[in-house]
Amino acid sequence: MRITTTVNGQQRVVDDVWEGESLLYVLRERMGLPGSKNACEQGECGSCTVYLDGVTACACLVAGGQAEGREVVTVEALADADGLHPVQEAFLECGAVQCGFCTPGLLVQTHDLLARTGRPSDPEIREALAGNLCRCTGYEKILDAVRLASERMASR
Amino acid sequence: MKPFRYARPGGVAEAVRSGAEQPGSRFLAGGTNLVDLMKLGVERPDLVVDVGGLGLDEIVVDSGGGLRIGANVRNSDLAVHPAVRRELPMLSQALLSGASGQLRNQATAAGNLLQRTRCVYFQDVSKPCNKREPGSGCPARQGDHRNLAVLGGSAACIATHPSDFAVALAAADAEVAVTGPAGERTLRLDELYLLPGEHPERETSLAPGDLITAIVVPPLPFGTTSAYRKVRDRASYAFAVASVAAAIDVTDGVVRDVRIALGAVAPKPWRAHRAEDALRGLEPTASAFRAAVEAELSVAEPLPDNAFKLPLTANVVVSVLSDLTGASR
């Protein structure tokens, strides 16, 4: 089937998509956007988090056909010509990245949290990121990064 | 994943027709508990009917405070709707206690009701499961049953219903509006959900082609005094090991009316009618709450590793009702 979507602001048309393919597969394997990661394939780990029509979603659980006509924003769009997004900078500075596999999903979910909640409390951060699993960091550095990004973004 | 045909109907009637004409079809809405099960091979539909484009995504509040929730309303949108938070806080709390932010953003109201059990044997196609493969057997009684049912189960199946939202809806006397091949009808939740008996593969009274179009919640004047409390193995993003939805009306010092539903203890949201009947007319005290819930749980059939759910559930009921009424524990 043919899928027409808007991805990171550009209309993309992809042919011969199998209905059982996930949006994640379409992004990674057909559109050259491998930032979103393929880990659990069950919606449990959050590594594939993208924006779908303005809210975050696990791209692994969106069937190809469901993506038709939708608007997708991936981790690739967080940085712009001026450089990394403050959330990305904070993750780097705080050492919130070890193997890096969960990082793209955490970046998108944190981006969404800080867009909706300027200065989230620690419980709000934990709840917002509950669906993003990290096997390396123990989360402390990730929480540091979210707090740092939130401080910087709120003071701008 | 098994290959399937994919249909994107233009309206409810077409969706119903498509669903009815193909045995083994599935309606696809948010996808958060169909796509995953298709990947596991637990769900193997020949036809997937995508109802995501049908609208059915409005929340209508009537003048009495009742709600009509479109089937495709997203869990996250419903949870923060001002009328839901005001009139029935237990609904909002139940929704927010389920899944993760990403999943709540996609999961729909009707899909939440029709999600499948998380029993480990059901989800593992290498194991027997009477629900997935009728007649294949059930290893749970001798095996991993810590999270499984203590009420309403059968020799064939003790799987629990995983929804939080459905527990709060059961306490609120909600109904589902269904459009099927024979027309429209409404079903109370206790008519929608079936206990397993000898046929755990039949979970609901919905027939092929029956599409839930809305959830109808009647006005509940004391719904403002309601709460949902969920006990789980970690603070967020886990299924309940016990949960309670309750609403209570105390007038002139006695319980005039009360609604209690229990989650994670049965194959369906368990409305605690026996406990409710025991409480009406009594003073709202912790000891009255405990006696009422113990009456409800007296018919339970626990197994060695899930017997803890009985005192846990009783404690949560006492705690929720005490908090709602200000009774000292």
What are the residue pairs meeting all of these: first residue in region B:61-77, first residue in contact (Cβ under 8 Å) with a residue 12 or more places away in the chain, second residue open to solvent by 10 Å² or more (accessible area, probe 1.4 Å) and among the hydroxyl-bearing types (S, T, Y), Cβ atoms under 7 Å, and 6 or more apart or on different chains? B:A71/B:T213
Do you know which residues across region B:11-60 are without any contact (Cβ under 8 Å) to a residue 40 or more places away in the chain, among the β-branched types (V, I, T) and not in a helix (DSSP H, G or I)? B:I59, B:V60
Single unsatisfied condition, B:S63 versus (1) touching a Ser or Thr at 6+ places or on another chain (Cβ under 6 Å); (2) open to solvent by 40 Å² or more (accessible area, probe 1.4 Å): (1)
On the basis of being small (G, A, S) and open to solvent by 30 Å² or more (accessible area, probe 1.4 Å), does A:A96 make the cut? no
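May I ask you to list the residues in region A:29-68 that are at the interface with chain B (Cβ under 7 Å from one of its Cβ atoms), outside any strand (DSSP E or B) and crowded, with 18+ Cβ neighbours inside 10 Å? If you could, list the steps in order and put the result at the bottom.
First, pick out the residues of region A:29-68 that are at the interface with chain B (Cβ under 7 Å from one of its Cβ atoms): A:41-43, A:46, A:49, A:55-58, A:61-63, A:65-66.
Then drop every residue that is not outside any strand (DSSP E or B), which leaves A:41-43, A:46, A:61-62, A:65-66.
Across region A:29-68, the qualifying residues are A:E41, A:G43, A:G46, A:L61, A:V62, A:G65, A:Q66.
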Out of (1) outside any helix (DSSP H, G or I); (2) at pLDDT 95 or above, the odd one out for B:G64 is which? (2)
For region A:99-108, does any single residue satisfy the condition of being without any contact (Cβ under 8 Å) to a residue 40 or more places away in the chain, more than 10 Å from chain B (Cβ to nearest Cβ) and either among the small types (G, A, S) or open to solvent by 20 Å² or more (accessible area, probe 1.4 Å) (or both)? yes
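Can you pull out every residue in region B:216-230 that is under 20 Å from the mean Cα position of the chain (by Cα) and either in a loop (DSSP other than H, G, I, E, B) or at pLDDT below 95 (or both)? Give the steps one after another, and end with the answer.
Of all residues in region B:216-230, those under 20 Å from the mean Cα position of the chain (by Cα) come to B:216-220, B:223, B:226-230.
Scanning region B:216-230 gives B:P218, B:P219, B:L220.
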Within 15 Å of B:V167 (Cα to Cα), at pLDDT 95 or above, aliphatic (A, V, I, L, M) and buried (at least 24 other Cβ atoms within 10 Å of the Cβ): is that true of B:A246 in this structure? yes
Of the criteria (1) farther than 21 Å from B:A242 by Cα; (2) open to solvent by less than 40 Å² (accessible area, probe 1.4 Å); (3) in contact (Cβ under 8 Å) with a residue 24 or more places away in the chain; (4) not aliphatic (A, V, I, L, M), which one B:Q102 fails: (3)
Odd one out for B:Y121 among (1) more than 18 Å from the chain's Cα centre (by Cα); (2) away from chain A (no Cβ under 14 Å); (3) surrounded by fewer than 24 Cβ atoms within 10 Å (Cβ to Cβ): (3)
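Within region B:231-252, track down each residue that is within 14 Å of chain A (Cβ to nearest Cβ) and in a loop (DSSP other than H, G, I, E, B).
If we filter region B:231-252 for residues that are within 14 Å of chain A (Cβ to nearest Cβ), which is where we start, we get B:232-239.
Listed by number, the residues that qualify are B:D233, B:R234, B:A235, B:S236, B:Y237, B:A238, B:F239.
What are the residues in region A:112-126 that are within 20 Å of A:G43 (Cα to Cα) and surrounded by fewer than 19 Cβ atoms within 10 Å (Cβ to Cβ), if any? Steps first, answer last, please.
Start the filter on region A:112-126 by keeping residues that are within 20 Å of A:G43 (Cα to Cα), which leaves A:112-113, A:125-126.
If the condition is that a residue be within 20 Å of A:G43 (Cα to Cα) and surrounded by fewer than 19 Cβ atoms within 10 Å (Cβ to Cβ), then A:R126 is the only one that fits.
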Report the residue count in region B:256-288 for those that are closer than 16 Å to B:A174 by Cβ and basic (K, R). 3
How about region B:32-54: which of its residues are among the charged types (D, E, K, R), facing chain A (nearest Cβ under 7 Å) and either more than 20 Å from the chain's Cα centre (by Cα) or open to solvent by 20 Å² or more (accessible area, probe 1.4 Å) (or both)? B:K39, B:D50
Go through the residues of region B:187-203 one by one and say whether even a single one is open to solvent by 10 Å² or more (accessible area, probe 1.4 Å), among the small types (G, A, S), more than 14 Å from chain A (Cβ to nearest Cβ) and more than 23 Å from B:A275 (Cα to Cα). yes
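The values are calculated or read from the model by the stated rules, or taken from the named source; none is laboratory data. Keep in mind the model is a prediction, meaning the values are calculated, not measured. FYI the Cβ positions are ideal-geometry reconstructions off the backbone, even for glycines, and counts take in every protein chain you see. SASA here: full protein model, heavy atoms, side chains in, ligands and nucleic acids out. Shrake-Rupley method; radii C 1.70, N 1.55, O 1.52, S 1.80 Å.
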